[in-house]
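J.: My structure is below; once you've seen it, I'll send some questions.
Please treat every number below as a calculation from the coordinates, not as lab data. Since we're looking at a predicted model, the values are computed, not measured. Here Cβ is always computed from backbone atoms with ideal geometry, including for glycine, and neighbour counts include all displayed protein chains.
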Amino acid sequence: MFYRESGDFKKSYAEDSQTFPLKLDRYGYYAILFVAFLVVPFVINDYWASAVLIPFLIWSIASLGLNILTGYCGQVSLGTGGFMAVGAYASYKLMTSFPELNIMIIVLLSGVITAGVGVIFGLPSLRIKGFYLAVATLAAQFFLIWLFNKVPWFYNYSASGQITSPKREMFGFEVTGPSATAEAKYLFILVLVFGLAWMARNLTRGRIGRSWMAIRDMDIAAEIIGVNPLKAKLAAFAVSSFYIGIAGALFFTVYLGAVEVGEAFGILKSFLVLFMIIIGGLGSILGSFIGAAFLVLMPVLLKNVMVGTLGWPIDLAAQTELVIIGFLIMLTLILEPHGVAQLWRFLKQKLRLWPFPH
Amino acid sequence: MKLKKLAAYAVAATMAASPVLAQLVFPSLSYRTGPFGANGAEVADGFADYMTLLNERDGGIGGVLTNVIECETGYSTEKGVECYEATKGEGALIYQPLSTGMTYQLIPKTAADGIPMLTTGYGRTSVANGAVFPWVFNFPANYWNGASAAVNYMLAENDGSLEGKTVALLYHNSAYGKEPIPTLEALAEMYGFDLTLLPIDSPGQEQKSQWLQIRRESPDYALLWGWGVMNQVAIQEASNIRFPMENFIGVWWSGSENDVIPAGMAADGYKALTFHAVGTDFPMFDDMQKYVVDAGLAAGSGENVGTVLYNRGMYGAMLAAEAAKVAQEMNGVAQIDAAMMRDGLENLVVTDETMAAIGLQGFGPNFEVSCENHGGPGLVAVQQWNAADQKWTIITDFEPTDMEVIQPLIDADSAAYAAENGIEPGCN
């Protein structure tokens with residue numbers, strides 16, 4: 001009744017092929033943008049920024065990246081943590097070598113460097129797939145972490161192997177460093193998230209996205225209809241690594257400010273992002289955000305409820321939190337094996353027909 | 001329904017009541033879960049119990065109750081950030097994050113927010129230079145003191161010469177484990193011993209290959225810079241290859257009961273560094289038993305009172321409490337803020353009288369903090385494990401370390417930090 005095409009007339013091709021063809025969808029999208037850009041910055045504080053919104057947005061970028069590779073192109077990767085480390089160390093080297101470079105350029109360049117590294121580690125995907133490819137990308141994960149630990153050039157020969165992000169400004173507002181305000185950090189990341197999600201959405205709707213999906217659904221058939229697997233797969237690795245590299249760069253520069261590679265970008269991070277896209281929904285932009293929200297926001301929420309509101313001892317709360325998250329993951333996957341995004345699609349279908357389903 | 005209402009009232013009541021009460025807030029970024037949880041829990045218990053003791057016995061510090069806000073980090077820096085942001089608005093006076101990685105993260109943040117940080121025996125060693133790091137303190141001893149103390153001990157055992165000896169350093173492959181390397185390298189050059197570096201990736205359950213290498217090269221000494229489960233595995237592996245335990249020396253974070261008990265009798269003779277006493281032979285512990293443990297207010301089960309890590313957590317709390325007292329005297333107010341706390345830390349003087357008044361005479365070194373020296377005297381002793389009695393015994397005095405080697409390294413590292421971050425070093 002509320003949620004249908006009828007009456008929503010399209011008068012041009014551009015209107016007909018827009019991202020959100022339904023009026024209600026479109027208004028919802030504008031409303032979210034309005035809140036994110038014009039309401040949140042006025043109410044945000046340090047806690048909400050550092051503990052909730054910034055990690056959520058950064059992990060959303062990472063899961064968008066992995067979703068392009070795994071969800072759209074069907075290439076399983078366990079190297080996400082390693083590629084994030086590439087982004088982080090690239091941004092560190094760029095920041096310290098070229099102090100006058102704008103932070104936005106540094107972040108984007110880190111993405112480009114990571115894309116290059118991603119293409120190199122994507123080469124095995126031309127011969128192997130599935131579990132075998134997962135193992136090859138796992139090797140990338142371990143190799144990259146080892147490299148950043150072993151070669152002192154990457155951390156500018158600091159005694160501890162830690163990298164620390166210096167202060168950088170954007171339009172006169174500090175976005176990295178300890179005295180950056182919550183608003184500046186949030187808006188800086190939000191702009192990137194918006195741009196990258198917009199790009200991902202349009203890439204996956206276009207020719208290149210369709211070639212990825214063709215490869216994912218059946219690579220031999222895709223080849224027969226004229227999709228070049230070399231180009232498609234390597235493009236997927238490049239774009240995916242670009243996103244993940246940006247996520248890694250932001251993770252280091254804006255969010256944490258100081259990282260050590262083994263702890264911040266270990267194998268657990270690769271799994272975390274993989275879980276995000278599986279729970280959120282493979283091959284869905286919205287799913288990337290839902291997955292990131294599920295795994296980043298849920299623990300914070302549970303912790304605040306159990307410790308803050310219920311007053312449980314913190315160790316009990318920490319253990320219970322793991323149990324609850326694990327249970328919720330299983331529940332979600334049993335009830336909706338295609339991820340939470342599928343639930344949303346299903347709901348939309350129902351809403352279109354409601355209240356006369358026949 | 002009734003219960004819900006009751007709970008709502010209770011929440012509302014506590015929320016209404018809490019801002020009225022004056023409090024001294026000591027956040028405790030602890031970790032009771034994960035691979036380092038067994039160790040983290042003891043330190044956190046010691047910290048919380050000492051603050052409880054002050055509340056129960058003395059009515060707080062200078063008449064103001066202490067409030068320990070505990071926040072679980074799981075030794076993860078991301079959760080550490082969350083905990084820091086969650087607690088800093090509650091009037092936090094001082095942070096003691098108990099993690100070198102987290103310390104690195106918080107050094108610039110605490111300076112920007114104006115909250116002091118005390119990293120007793122961990123963290124970034126060069127914060128000892130208070131001219132560059134006005135908000136961070138790491139008295140009474142730091143990693144480089146530890147490295148030097150281990151070398152001094154080996155020197156004493158070998159009649160003052162380590163020429164041609166081989167030493168292997170097994171370290172946690174993180175900022176924490178890498179800290180002692182520059183000092184050990186400088187000392188290796190000075191005394192002519194051969195240093196082998198063996199990194200072990202966190203959490204450190206897998207170290208077969210490193211021990212294979214030790215077995216092959218059979219170094220004269222092995223040093224251990226580990227934490228949590230890594231220590232237990234290392235000591236077990238050492239006993240498996242029959243490495244002589246008396247030549248195996250751990251830093252103070254690798255010398256707790258948790259680390260040696262799993263290896264049983266095989267761990268007998270293992271040595272570790274320490275900068276404070278062990279056991280409960282101090283009058284303060286009677287009060288602790290009476291006011292905290294017997295009253296059922298202990299943070300843990302009360303069984304670990306007197307263990308190495310419990311004592312260290314308690315010592316950290318004690319230093320913070322003493323600094324708070326100094327700050328109260330300096331400013332003539334009981335309800336101090338974080339900036340006053342910093343001044344209190346910088347003017348802290350620990351003498352025999354202070355320690356005796358607390359009931360901890362001889363527990364830790366006497367020292368005086370100044371702007372130039374945030375690191376204390378760096379006195380370190382060696383303790384040895386007696387597996388039959390299940391007890392640590394201190395086998396040397398608290399001896400000075402080689403500041404002539406360490407001070408130039410501190411100056412160089414802090415100068416590099418100052419240059420990187422545009423800090424104008426200075427004491428005023």
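J.: Can you check what the net charge comes to around residue B:238, using other residues whose Cβ is under 13 Å from the Cβ of residue B:238 (Lys, Arg +1; Asp, Glu -1)?
T.: Around residue B:238, the surrounding residues sum to 0.
J.: Please say if the range A:44-100 is rounded, prolate or oblate, where rounded means a/c under 1.5 for a ≥ b ≥ c the square roots of the C-alpha gyration tensor eigenvalues, and otherwise the choice is prolate for a/b larger than b/c and oblate otherwise?
T.: Oblate, because a/c is 1.5 or more while a/b does not exceed b/c.
J.: Under 13 Å Cα-Cα from residue A:150, which aspartates and glutamates qualify once same-chain neighbours fewer than 8 residues away are excluded?
T.: A:260, B:201
J.: Taking Cα pairs under 8 Å and at least six residues apart, what relative contact order does chain A come out at, in percent?
T.: 29 percent
J.: Further question: Restricting to DSSP H runs of at least four residues, report the calculated mean residue ellipticity at 222 nm for chain A, -39500 (n - 2.57) per run over all residues, nearest 500 deg cm²/dmol.
T.: -19500 deg cm²/dmol
J.: Moving to a separate point now. If one puts a single equal scatterer on every Cα of the range B:171-309 and applies the Debye formula without solvent, what log₁₀ I(q)/I(0) results at q = 0.09, 0.13 Å⁻¹?
T.: These q points yield log10 I(q)/I(0) values of -0.34, -0.64.
J.: Using only Cα atoms, what Kirkwood radius does the range A:233-330 have, in angstroms?
T.: 15.3 Å
J.: If you don't mind, another one. With θ set to phi - 60° and the Karplus curve 6.51 cos²θ - 1.76 cosθ + 1.60, what are the ³J(HN,Hα) couplings of the range B:228-243 in order, to the nearest whole Hz, using x for Gly and Pro?
T.: x, 5, 4, 5, 4, 5, 4, 5, 4, 5, 4, 6, 5, 8, 6, 6
J.: Still on this structure, I have one more. For chain B, what does -39500 (n - 2.57) per DSSP helix run (n ≥ 4), summed and divided by total residues, give at 222 nm, in deg cm²/dmol to the nearest 500?
T.: Value at 222 nm, helices only: -13000 deg cm²/dmol.
J.: Taking the simple approach of a point 7 Å from Cα along Cα-to-Cβ for both residue B:217 and residue A:101, what is their distance in nm?
T.: About 3.7 nm, to one decimal.
J.: Can you list the HN-Hα couplings for the range A:58-66, worked out from phi with the Karplus curve (6.51, -1.76, 1.60; θ = phi - 60°), rounded to whole Hz and with x for Gly and Pro?
T.: So the J values, rounded to whole Hz, are 5, 5, 5, 4, 4, 6, 4, x, 5.
J.: Further, regarding this structure: Would you grab the residues whose amide H sits under 5 Å from the one on residue B:70? Only those 5+ places off in sequence or on another chain, please, with H modelled 1.01 Å from N.
T.: B:28
J.: Based on other C-beta atoms within 10 Å, arrange B:135, A:198 from fewest to most.
T.: Neighbour counts put them in this order, fewest first: A:198, B:135.
J.: Then there is this: So how compact is the range B:85-139: Cα radius of gyration and Dmax in angstrom?
T.: 10.3, 29
J.: I've got another one for you. Once all Cα-Cα distances of the protein assembly as shown are split into 10 Å bins that start at 0, what whole-number percent is in each one?
T.: Histogram of Cα-Cα distances, whole percents per bin: 3, 13, 22, 24, 19, 12, 6, 2, 0, 0.
J.: With θ taken as phi - 60° and the coefficients 6.51, -1.76 and 1.60, list the Karplus ³J(HN,Hα) couplings across the range A:241-250 in order, rounded to whole Hz; mark glycine and proline as x.
T.: 5, 4, 4, 5, x, 5, 4, x, 5, 5
J.: Name the long-range amide H neighbours of residue B:399: under 5 Å, sequence gap of 5 or more, or other chain; modelled H, no Pro or chain starts.
T.: Those qualifying (amide H under 5 Å, at least 5 residues apart or on another chain) are B:380, B:381.
J.: Counting other C-beta atoms within 10 Å, which of B:208, A:23 has the fewest, and how do the rest follow?
T.: B:208, A:23
J.: Could you tell me which of the pairs B:79/B:109; B:178/B:271; A:93/A:129; A:23/A:303 are separated by over 26 angstrom between their Cα atoms in the structure shown?
T.: Table pairs above 26 Å Cα-Cα are A:93/A:129; A:23/A:303.
J.: Something else about it: Report the Cα centroid-to-centroid distance between the range B:134-179 and the range A:228-267 in angstrom, as an integer.
T.: The distance from the Cα centre of the range B:134-179 to that of the range A:228-267 comes to 37 Å.
J.: Which of B:307, A:253, A:164 has the fewest other C-beta atoms within 10 Å, and how do the rest follow up to the most?
T.: B:307, A:164, A:253
J.: Quick one: grab Rg to one decimal and Dmax as a whole number for chain B, Cα atoms only, in Å.
T.: Values for chain B (Cα only, Rg and Dmax): 21.5, 78 Å.
J.: If you project the alpha carbons of the range A:128-234 onto their three principal axes, what span does each projection cover, largest first, in Å?
T.: Here the Cα extents, ordered largest to smallest, are 56, 35, 18 Å.
J.: Take every residue in peptide A:165-175, count the Cβ atoms of other chains within 10 Å of its Cβ, and give the average of those counts.
T.: Mean inter-chain Cβ contacts per residue within 10 Å come to 1.
J.: Right, another one. Search the structure for amide H atoms under 5 Å from the amide H of residue B:391, placed 1.01 Å from N in the peptide plane, and list their residues when 5 or more places away or on another chain.
T.: It is B:386, by chain and number.
J.: Also, I was wondering about something else. Indicate the gyration tensor shape class of the range B:273-428 (rounded, prolate or oblate), computed on the Cα atoms with a ≥ b ≥ c the square roots of the eigenvalues: a/c under 1.5 is rounded; otherwise a/b larger than b/c is prolate and the rest oblate.
T.: Cα axes put the range B:273-428 in the oblate bin.
J.: For chain B, what does the relative contact order come out to in percent, with C-alpha contacts under 8 Å and a separation of six or more?
T.: Reported as a whole number, the value is 21 percent.
J.: Can you give me the pair-distance distribution of the range A:22-263, C-alpha pairs, 5 Å bins, whole percents?
T.: 1, 7, 13, 17, 17, 15, 12, 9, 5, 2, 1, 0
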